[in-house]
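Accompanying notes for the structure given below.
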Amino acid sequence: RDSADYNNIIQTTKNILGTHDLAPNFAGRFSGMEQLVRRVGMETKFTAPQVADATKFLAMAGFDLNAIEQSIRPIADIALIGDNDLGETADVVTNIMTGYGIRPEGMRHAADVMTMTFTKSNTTLMEIAESYKYAAALLAKNGTSFEEATAAIGILGDAGIKGSQAGTTLRTLALNIAKPTKKQAEMWQQIGVKRTDSNGNLRDLAEIFGDLNAKNL
């Protein structure tokens, strides 16, 4: 049964990849990816069909064979630590990366940042993913680093603000800092906290909130 499940899933993955991975020697490279899938299935608690299911989600997200090979182990690690379903983890992690504009080669670092956050704050991977649904694109456009944005989600989680609520909170903060209304801009000037640096770029959230804290706000 497991063999049949694996064959069905891996064939689906192959069909999806065949529509957008047009580099030479597709068959040989796909065979190499299959070997990696089975190896991850032997070396972790996840079965080969579960690992294959994760590759299907990655393929659906537009990853090519090379990107999947770079991503599958970090995703397996984050699913293992977070005690989450592997396919679901692949789905939400790729959603976050797409929203934040992170390339597949940055998967390992992004996975480490998220793992550090949900193991050291009162939040989970799925709550982080829900937060990023609402805030990822705007935070990335503002130039807020992925590390700082994810840390902010963790801090909000410690305050009991999680998931979609944390995402909309961060989105509101980002909008108020990047594009304040006339009244908000006057208030920023009145309290004496700068939103931008000398080059006109938005300052880091941590710096802005440090200044607000120093003024007992």
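The values are calculated or read from the model by the stated rules, or taken from the named source; none is laboratory data. In this text the structure is predicted, and so the values were computed from the model without any measurement. With ideal geometry, Cβ positions are generated from the backbone for all residues, glycine too; neighbour counts draw on all protein chains shown. All accessible areas refer to the heavy atoms of the entire protein, side chains included, with ligands and DNA or RNA removed. Shrake-Rupley method; radii C 1.70, N 1.55, O 1.52, S 1.80 Å.
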If you average the alpha carbon positions of region 78-135 and of region 35-69, how far apart do those two centres end up, in angstrom? 16 Å
For LYS215, counting only lysines whose alpha-carbon sits under 30 Å away and dropping same-chain residues fewer than eight positions off, the answer is LYS120, LYS141, LYS162, LYS179, LYS182, LYS183, LYS194
Express in nm, to one decimal, how much length is gained between LYS141 and ILE81 on full extension, taking 0.36 nm for each residue of separation and deducting their alpha carbon distance. 18.6 nm
Accessible area in the full protein assembly, largest first, 1.4 Å probe, for THR98, THR44: THR98, THR44
Kindly report, to the nearest 10 Å², the accessible surface of ASP112 as traced by a 1.4 Å probe over protein heavy atoms only. 80 Å²
If R0 is 25 Å, what FRET efficiency do you get for ASN7 and ARG39 from their C-beta distance, rounded to 0.05? 0.90
Among GLY82, GLY28, GLY106, the residue with the largest mean-square fluctuation in a Gaussian network model of the chain built from Cα contacts under 10 Å is GLY28
Just the accessible area per residue of the chain, please: how many Å² with a 1.4 Å probe? 53 Å²
Share of region 1-135's accessible area from carbon and sulfur, percent, 1.4 Å? 50 percent
Low-density loop positions, GluC sites (Glu not before Pro), region 25-90 - DSSP coil, at most 14 other Cβ in 10 Å: none
For the chain, the longest principal axis of the Cα atoms and the Cα long axis of helix 86-100 enclose an angle in degrees, to the nearest 10, of 40 degrees
Nearest 500 deg cm²/dmol is fine: what mean residue ellipticity at 222 nm does the chain get from its DSSP H runs of n ≥ 4 alone, each adding -39,500 (n - 2.57), divided by its residue count? -24000 deg cm²/dmol
DSSP-loop trypsin sites (Lys or Arg not before Pro) across region 16-108, with at most 16 other Cβ within 10 angstrom: LYS45
For the chain, what value does the Rg/Rh ratio take when both radii are computed over Cα atoms and Rh is the Kirkwood radius, given to two decimals? 1.08
